[in-house]
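Student: One structure, pasted below without further comment.
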Amino acid sequence: MRVRAAFSLSLLPFSARGIDASGAAAAAAAAVKLLDYRYFVAGGVCAATSHGITTPIDVVKTKMQAQPKRFNKGMRDATMQIIKEDGPQALLGGLGPTVVGYGIEGAIKFGLYEVSKPIISGWMMGNAEAKLGSVPVSFLLASILAGGVASIILCPMESTRIRIVTDQNYASLGLLTGLPKLIQEEGFWSTFSGIYAMLAKQVPYTMAKQVSFDVVATALYTLWFNLSKTATSTDDIKFFVSVLAAFVASIFACLSSQPGDVILTETYKESKPKSFARVIATIYKRGGIGAFFTGTGARIVHVSTIITSQLVIYDIVKQLLGLPATGSH
């Protein structure tokens with residue numbers, strides 16, 4: 001029971017530990033003080049870097065989803081076919097929108113998630129010791145909020161990226177030329193036509209990634225202190241914990257958001273995006289439930305690489321900026 005209590009309490013954001021009866025008001029006041037720009041900086045750096053370096057994998061995955069009949073022999077053959085037909089530079093298609101879009105999205109997602117946790121924890125609990133079971137729920141709610149806001153920010157960038165990868169009329173363009181062309185041809189609000197598809201991908205993705213990383217990292221540190229009675233510091237295991245927790249988070253995030261990723265690609269691959277309901281019907285007609293998992297193999301490689309590197313970079317940048325590693329406080 002002592003171990004369970006210690007683990008549950010350690011899940012609390014440090015601003016929520018010791019919340020008194022004033023509950024939400026006190027938590028909100030504390031959270032305002034914790035509106036730390038360093039979370040936003042670390043989130044932006046890790047997201048832009050991790051998504052940027054994996055752009056070639058994302059290009060292959062997107063083409064496999066958008067043109068399943070053309071690229072139907074696996075990831076390796078699809079990569080060689082793209083290089084042969086379009087040249088190696090095609091693997092960097094959409095690099096600009098990816099770096100800029102996910103840099104902004106990462107800053108918002110990580111920053112808002114970290115800032116929201118103490119506010120929601122205080123609102124839900126009032127007394128931290130009395131209602132420890134609601135802590136994971138508050139983490140989930142914070143991740144839903146962060147994922148929803150980030151989806152709105154990311155929509156124009158993602159619509160541009162997918163169009164560059166799947167539409168030959170956009171293939172030679174970058175962010176600064178592709179996005180204005182898209183807006184000029186179809187209107188600004190057309191870039192948000194896939195907002196429901198974006199939410200279907202990003203909200204499950206954010207929930208699985210952020211919460212599992214928090215929970216697994218905290219559990220590993222708790223296990224470390226329980227097994228090593230003489231341990232007084234986490235310095236020796238911080239990198240190991242970050243890598244292992246990040247890898248576990250990557251698997252959960254990939255599987256939970258795969259259907260949303262297929263829906264998003266289908267939404268934007270044509271010049272006139274389809275409605276959310278029509279997209280789902282089209283995908284299902286193509287191959288039933290299994291069609292929603294097209295490109296899963298390529299995406300597991302892509303997403304696990306992105307998330308593992310992203311969360312490790314996030315922890316490193318946080319510590320360089322003077323913040324504690326995830327789960328260690």
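Student: Of all residues being open to solvent by less than 20 Å² (accessible area, probe 1.4 Å) and either of a type in the set (Val, Ile, Thr) or outside any helix (DSSP H, G or I) (or both) in the range 191-210, which is nearest to residue 245 (Cα to Cα)? Just the residue, please.
Tutor: It comes out as 206.
Student: Can we say residue 274 is part of a loop (DSSP other than H, G, I, E, B) and basic (Lys, Arg)?
Tutor: Considered against the rule, which asks whether it is part of a loop (DSSP other than H, G, I, E, B) and basic (Lys, Arg), residue 274 comes out as yes.
Student: Among 313, 251, 263, which is the only one that is assigned to a helix (DSSP H, G or I) and open to solvent by 50 Å² or more (accessible area, probe 1.4 Å)?
Tutor: Answer to the selection: 251.
The values are calculated or read from the model by the stated rules, or taken from the named source; none is laboratory data. Keep in mind that what you see is a predicted model, and the values were worked out from it rather than measured. Keep in mind that these areas ignore ligands, DNA and RNA; they rest on the heavy atoms of the full protein, side chains included. Shrake-Rupley method; radii C 1.70, N 1.55, O 1.52, S 1.80 Å.
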